[in-house]
Structures are given as C-alpha cells and as structure tokens.
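The values are calculated or read from the model by the stated rules, or taken from the named source; none is laboratory data. Values in this document were obtained by computation on a predicted structure and should not be read as measured data. Note: ideal-geometry Cβ built from the backbone for every residue, glycine included; neighbour counts use all protein chains shown.
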Amino acid sequence: MHLLRLALASLANRRFTAFLTVFAIALSACLLLAVERVRTEARASFASTISGTDLIVGARSGSINLLLYSVFRIGNATNNIRWSSFQTIAGDKRVSWAIPISLGDSHRGYRVMGTNTDYFEHYRYGRKQSLAIRDGRFFKDDEPFEVVLGAEVADKLRYALGQRIVLAHGVATVNLLLHDDKPFTVVGILARTGTPVDRTLHISLGGMEALHIDWQNGVPARGNARISAEQAKQMDLTPKAITAFMLGLNSKVATFGMQRQINEFRGEPLLAVLPGVALQELWSLMGTAEKALFVVSLFVVLTGLIGMLTAILTSLNERRREMAILRSVGARPWHIASLLVLEALALTGLGILLGLLLLYLGIAVSRDLLQSLYGLHLPFTLPSGYEWALLGAILSAALLMGFIPAWRAYRQSLSDGLSIRL
C-alpha cells in the first residue's frame, strides 16, 4: 500500500506527462471498446434487417442472391414467379400472411418496389419494429399511381407530399427509358429505419403493372398503341408475375416443412430461404473486414501502451536521484522495481477508467443519431464479459511492459547504491 501511494505521488509530481500518457491509453481503450460494441451491434442490426419473416421465396438461384435483391435491393432476380404460384402458396393453411414483391424499375438511382398494403402491416425490422409513416399516409391498393418514399429518398431528393415524380425502366443510375406518361404522386414518407427500406420507393402492384401494360419486349408501345394513365386505371391491373414474396407462418414448427414443400414446388422452380440463416451466411462473407477492423484497434491499444513504456523509460535517468534517496531510507532494489510496475498499472488503470467514461459519453451523444441514420442501437449498459476480458488483457499487457523499466530500475539501483553514477 505504501508503494502504491508512493507511485501515485510520483505520477502526480510528473502530472503533465502522466496525463498525456493516461489520455493516450484512454483513447486507445475507448476505440477498442467502441469498435467491439459497434461490431457486435452492427452484426445484430444486420441480422435483424428483416425480422418476423419466416421465409423469403424467389426463383431458384442462390440464397444470398435471393436475400440481396429481395431485402437489400442489390442485384437482380434470375427469373420471375407466376402470380398463380404465389396465390397457391399464400393460400396454404399454414401461411398467416404473404407479401408480394415486384422489382425492376428505379428513380434516380433508387429502387422501386411494387407490393401491397400487407407490406406496411406485416414487414418488421430491427427488434420486430413495424414501419411507420413520418408524413402523409400509405398508398391504397386500388390507387395505382401513388408512391410512398423511404426516408433517405425523400431527404436526399428533397421530395414533399403531393409532388409528382416519373419512374424509370430498369435499375441504372442514368435511364433513357422513362415512364413519363404515367407519373406518380407522393402520398407518404416513411420514418427512418436505418435499413434498405429508407432507399426504396414503394408503389402498389397495380401501379407496377400499369407502368408496363403497354410495353413489349422491354420497350414502350408507340403511337395509338400507347395506354394513358387514365385508361390504365380502368383496366385489370392484376399482375401476371412478381419477383419474390415473403411469408409469415402460423407456427414456427411448420417452417422447415413449408420450406421443403416450396423447394419441391411442381408448378415452377422456386427457392425458399430462412432470412436469419441467409443473413448469417452473408455476414460470414464480410468476416475478413470485421476482423481487420478489430486488429487495427488492437494495434492502436498497443501503440498507447508503447507510449506509456517510452514515457517511463525516458524518465528513468532523471529519477536516479529519487531512487538513490529511496535506497537511503531503506528501500530495497525490488521495492524500486515494484514501484515502476505499479506506476505502469496505475497509468493503465486510470487510462481504462477514462476510456470507459469517454465511451459512455460518446454513446450518450451519438446513440440517437446512429439509431436514426443507420438503425444501429448502442446499448447504454455495463461492459459485457468479453469487454471486461479485453480490458483485463490491456491491464495484463501493461503489467508485462512494466517489467521492462522495472528491470532497468532494479539493475540501476543495484549498481548505484546510495550514490548516482550517470
């Protein structure tokens, strides 16, 4: 206890250098914990981009490809699904709800998705959070030319309720084929979710069908063959095909049986995937980047500890008079060595405490912003067992590094005795 008080008094005597060392360790510890917490929560948030959905069904391809275009709006489907196939599967007694999805068009680089009002009722993200309207209302299934915007689309393009927009054929950023004869009216803007929903324009299936009702072989009809928006409203806009659909089942027990039945569907080749399994498979492909970020943060911690070691070693020659005085009052060489080890532990311990304070201060300031922009929820909780283990590893590394100046001080105190030989 006397040695600890002496170590703290010595650090207080060199308070400016000690503060810089503590602050460097605090920043590195804060960064390590922040990276670990963001990494953990990002993985949880990624896994809950879609929640409450039991199966995603699309044309037979790969599970990751199906997940990418149906949930993340990345890539394209290999084929469409007949509307009759969707109705057959949706009518199964084990199915609680079914959400059809029709893709293929875009607007200024953002994807357009055709669906029905069941999407707004049953789609869940995060911790089973439902979609909410920020402004306006959801579109109506019987009004084909209404569009509901994701938050990012509305904010980046500065769209407001009542504005009329023109959609484009295909998903390229620059489109030459525009559906300019059938503009859509913005009737709603969704609250921000931090998911691909924010980057999507939502229209009804009837609206998607109306856009292409007079198109043949990927090009619009010409002359008198063109069908106006008013004419399209009077026609049967039941879709002939969709891109994919999501299923919610009455019982989780039926999930695997339903998945097997869909994969063996005789009407056409289909693929049903469990969203959670596909998300974990997709996340594993990004594991290298995740580990690289963690390794970088470890090197930052190592840099902070090396800075501490350098500061202690640099001060050794200046403190030889101090050590000679300690020897004159009865301190043994191992007391001097222990003093240096305790200083290293004290610097690191204070750095860890300050790092925790900085971490929670950062969470308090940024948690709402991260939640609204990226859907990333950072919990204001005590460190987990793994985080405590990381902090313990930092303290252990400091202990090992503290033995280096301690050994030098031990040797110097033996050779100097009560006199100083510089």
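Could you list, in sequence order, all residues of the stretch 377-403 that are of a type outside the set (A, V, I, L, M, F, W, C) and either assigned to a helix (DSSP H, G or I) or closer than 16 Å to Leu302 by Cβ (or both)?
Restricting attention to the stretch 377-403, the residues satisfying the condition of being of a type outside the set (A, V, I, L, M, F, W, C) are 377, 379, 381, 383-387, 392, 396, 402.
Residues satisfying the conditions are Gly385, Tyr386, Glu387, Gly392, Ser396, Gly402.
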Assuming Val186 fulfils every condition listed in (1) of a type in the set (A, V, I, L, M, F, W, C); (2) closer than 22 Å to Leu237 by Cα; (3) in a helix (DSSP H, G or I) apart from one, which condition is it?
-> (3)
Among the candidates Thr193, Thr200, single out the residue that is assigned by TED's automatic domain parsing to the domain that holds Ile227, over 13 Å from Met113 (Cβ atoms), out of contact with any Pro (no Cβ under 9 Å at 6 or more places or on another chain) and of a type in the set (S, T, N, Q).
-> Thr193
Flag if Gly287 is modelled with pLDDT of 85 or more and small (Gly, Ala, Ser) | no
From Gly58, Gly62, Gly91, which residue is at pLDDT 90 or above and surrounded by fewer than 15 Cβ atoms within 10 Å (Cβ to Cβ)?
-> Gly91
Of all residues in the stretch 116-132 being in a loop (DSSP other than H, G, I, E, B) and hydrophobic (A, V, I, L, M, F, W, C), which is surrounded by the fewest Cβ atoms within 10 Å (Cβ to Cβ)?
-> Ala132
Does Ala98 qualify as being at pLDDT 85 or above, surrounded by fewer than 19 Cβ atoms within 10 Å (Cβ to Cβ), outside the structural domain of Tyr360 (by TED's automatic domain parsing) and within 30 Å of Gly257 (Cα to Cα)?
-> no
Hey, any hits in the stretch 101-110 for a residue that's over 24 Å from Ala42 (Cα atoms) and touching a Pro at 6+ places or on another chain (Cβ under 8 Å)?
-> yes
Pair list, Cβ under 9 Å, 6 or more apart: the stretch 50-64 residue within 13 Å of Ile81 (Cβ to Cβ) and outside the structural domain of Ala98 (by TED's automatic domain parsing), other residue surrounded by fewer than 22 Cβ atoms within 10 Å (Cβ to Cβ) and acidic (Asp, Glu) | none
Every listed condition ((1) more than 30 Å from Thr88 (Cα to Cα); (2) modelled with pLDDT under 85; (3) in a loop (DSSP other than H, G, I, E, B)) holds for Gly162 save (2)
Subset of the stretch 244-267 (residues that are within 29 Å of the chain's Cα centre (by Cα), outside any strand (DSSP E or B) and either modelled with pLDDT of 95 or more or not β-branched (Val, Ile, Thr) (or both)) = Lys252, Phe256, Gln259
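This table checks each residue for (1) modelled with pLDDT under 90; (2) on the phi > 0 side of the Ramachandran plot; (3) surrounded by 15 or more Cβ atoms within 10 Å (Cβ to Cβ).
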| site | (1), (2), (3) |
| --- | --- |
| Gly114 | no, no, yes |
| Leu176 | yes, no, no |
| Gly194 | yes, yes, yes |
| Leu201 | no, no, yes |
Just give me the residues in the stretch 57-87 being part of a helix (DSSP H, G or I) and touching a Gly at 6+ places or on another chain (Cβ under 7 Å), in sequence order.
-> Asn65, Leu66, Leu68, Tyr69, Ser70, Ser85
Of all residues in the stretch 268-305 being in contact (Cβ under 8 Å) with a residue 24 or more places away in the chain and outside any helix (DSSP H, G or I), which is nearest to Asp54 (Cα to Cα)?
-> Leu274
The one condition Val148 fails out of (1) modelled with pLDDT under 95; (2) surrounded by 19 or more Cβ atoms within 10 Å (Cβ to Cβ); (3) aliphatic (A, V, I, L, M) is (1)
Which one is farthest from Pro275 (Cα to Cα) among residues in the stretch 34-51 that are among the hydrophobic types (A, V, I, L, M, F, W, C) and at pLDDT 80 or above?
-> Ala34
Flag if Val22 is surrounded by 21 or more Cβ atoms within 10 Å (Cβ to Cβ) and assigned to a helix (DSSP H, G or I) = yes
